Structures are given as C-alpha cells and as structure tokens.
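Encoded as structure tokens, the structure appears first; notes follow it.
The values are calculated or read from the model by the stated rules, or taken from the named source; none is laboratory data. Keep in mind that this is a model prediction, so the values were computed, not measured. As a convention, Cβ positions derive from the backbone with ideal geometry for all residues, glycine included, and neighbour counts pool all protein chains shown.
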Amino acid sequence: MSTFSLSRPARDRFFVAIAALVLLAQEAIAAPLNPSNFTSFGVLPPGDFTIDTDALTFNGSSGGVLVSQGGGAPDIAVFTFDGGSTLANGDAISVTGGNALALLFQGSVILSGTIDVSGADGTDQAPGGFTGIGGLGIAGGGRGGNGGPFSFGQDGIGPGHGVAGSSSAAVSGAGSGAGAGFGTGGGNGGVGVTNRPGGLPYGDPLHDLLFAGSGGGGGGGASSGSQRLGGGGGAGGGALEIGALTSLQLNGASILANGGHAGEGFTDGGGGSGGGILLHAFDVNLDPTALIQANGGNGGSVTNTGGCGGAGRIELIHHPSGSFESLGTIEALAGSVNSVCADGEHVVTESTEVGVPEPSSLCIFFIASIVFTSPRRKPRGWQRRNTPKG
C-alpha cells in the first residue's frame, strides 16, 4: 500500500496553515454571524409564529442552531431563512427561552411586523403579605430580583444587575432596589440602611459579543409590618441579532428589546436595563415608520422610589460599498424616576465582513497562506462612524 509523506519544512507549513485557519475561525466568532454558514428553514412563512431559543424550535419544528459566544455573553439560538423573505405588517414573532436570538437571511429581507424580546415588568407587593416578584427575561435578558423582606430582597441577574434594597426590622431601614446597567449605568436605589449603587455599563462593542440587558434589584422591606414589602425588579431586555447577506429593509417594523419596569411596594424595585440589538447587511435601510428600541425600564415610583434602568445598546452595520439610510426612530434611552440615568446612543459601523458570502475552500487555503507569510495582521475592516443625532 502506497503512503503519502511530506518533508519536514512542508509539514511545518501545512500545520501552520491549519493553525491559521483555526485562528481565523475563532476570530470570526467575534464578528456578526454569516447567514451562509447555517442551514435555511426556507422562506419565512406568513403570519405570526413563535421561536423557542431553549428548545431551538420554530413554530414547534426543530432546526435552530446554538452558537456559544463565551466571555460571559449568552449563547445564541440561530434561525436562518432564504433570501426574499418578508415579515408583513401586523405579523409578529413571539420569543420564549433564555438564549439570545439571531435571525439570519441568505439574501434580502423586508421586515414590517414586530419582533419583541423585551423584559417583563416586576410585580407590585400584593395584599395579604405577598412580596413583589421580579420580572422574567427572555433571549438572554436577566431576571429582576424579588422584593423583601421575607427573601431579604434579591439582586437582579446579569453582568450589570441592580442590587436589592436594604431590609430591616425598622421602617426607616428599608430601601428600594437599584436599577440595572448595560449601555449606560443604572440608577441608585432609594434611602434605607445604605443607598444601593446602580449597575455598571458593559458589553461594548456589541459586534464583539452580543450581550443582553440585566435585571433590576428588588425592593427591601421592614419586618415590623406585613404590608411593608418590596416591589419586584424589572427584567433586562433580551439580545437580538438580525442579519442579511444583501439587503435588510425595515418598512414600519418594530424591533424591541426594552427593559422591564419595576414593581411598587412600601419600597420599590429597580428598572431593568435595555437589551442589545445588532442589525447587519450589505445594505441597511429604515423607512420613516420603522422603530428600534432598547430602552431601560422605570424604577418604582411610590414612597421609596427605585433606581432607573440604564439604556441598552443598538448597533447597525453595513458594508462600506453598501447603502445606509436611517429615516426611522432609533431609541436607546434610560428609564426614569428617582435618579437621573444617562441616555445612550446607537452606533453605526462600516465593515467589509458583512454582506460577503463565504469563500471557497481553495480561497480559504490561499488566505491561510497569506496569513502565514504576511509579516503582520491586516486590519479587520471595522470603522465606527459618528452616531446620527435626533
């Protein structure tokens, strides 16, 4: 039986080329997802439908793919469709599950309906000694903390979570929960034994790791009375990526990843931070009726008010040779109530890494040889533009 062997120099070059390919693949994880790398469900069907990011199902049918990001960011459930797809006005995509969501299109797509990965509101304290419950997050958004005092208040969930308000036997020692941070910092919790600091910003830039928003802290309480209980914190907005190979057109679409509002009680919960929205295609265009929101949730507003939720993050990426038109409304605003939280701004980025089909295997090995022989790494082609105002 004949065997094939390589000289040592040739073998060394071969293994270096393979290592370069692995390095390129690892680096590609940090870039927006390429629709060509995934199997399509076909054309997006008309009407309403549900996606479960945990079960990886689309209207009950399996076929989603889970992509791990690492770095503390949520895993992404990827659902891919053919080019020429549309989401009609009045149609909606409902989302359940805890993983982030990516909707990819192997060509062009026109979106006119609603895609909502917003976090749920925290509940108010209820008569009969029932504490407020933290809102639930979807698509990677962190849960809000429960109110006190029987649970002694709970922190929200997520990298920028709000801290629970203080609980105490004395009425004067009870404080409200802090708001969560993400694109901007969350607001501080109200008076109590100690003020609770708001959650900190994280996750910049969004195209490196697709993060979601964090949950606000639950309000504290006083054990001296059954009705001196805390409201629940709002959940963080989810993480949503929408990418097309050629054209992404938003005609009256509503793309939402807002943080949940806090519940109220003797002490209030903190608002959840807005989520993360990443849009990319060769051409990206928004008509005047399009709406993109990643706003923070309000803190509770009764006696001991809770902290506001920080703004989320929104990034839109197009190819340098493609078109970009933004006539719609894009909001990354902080929540309101007792403390002043800074609003965020969306980011527009140009990159040669979007809207380009995967190269052939021969081209990949050619690229690997260039990487091997090049004395230094070439720029990755990212250029951040000034954010449009208004």
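A count restricted to the range 272-283 and to residues that are over 17 Å from LEU206 (Cα atoms) and surrounded by 24 or more Cβ atoms within 10 Å (Cβ to Cβ) stands at 1.
For THR184, the requirement of being at pLDDT 90 or above, in a loop (DSSP other than H, G, I, E, B), of a type in the set (S, T, N, Q) and more than 24 Å from THR123 (Cβ to Cβ) is met. Out of GLY147, GLY140, one residue alone is touching a residue at least 60 places away in the same chain (Cβ under 8 Å), at positive phi and part of a loop (DSSP other than H, G, I, E, B). It is GLY140.
Selection of the range 262-273 for residues being closer than 19 Å to PHE130 by Cα and either in a loop (DSSP other than H, G, I, E, B) or within 19 Å of the chain's Cα centre (by Cα) (or both) yields ALA262, GLY263, GLU264, GLY265, PHE266, ASP268, GLY269, GLY270.
When the range 158-175 is filtered for residues that are modelled with pLDDT under 95 and surrounded by fewer than 24 Cβ atoms within 10 Å (Cβ to Cβ), the ones remaining, listed by number, are SER168, ALA169, ALA170, VAL171, SER172, GLY173. Against the condition touching a residue at least 40 places away in the same chain (Cβ under 8 Å) and crowded, with 21+ Cβ neighbours inside 10 Å, how does THR53 come out, does it pass? Yes, satisfied.
On inspection, ALA235 passes the criterion of being under 14 Å from ALA178 (Cα atoms) and at pLDDT 95 or above.
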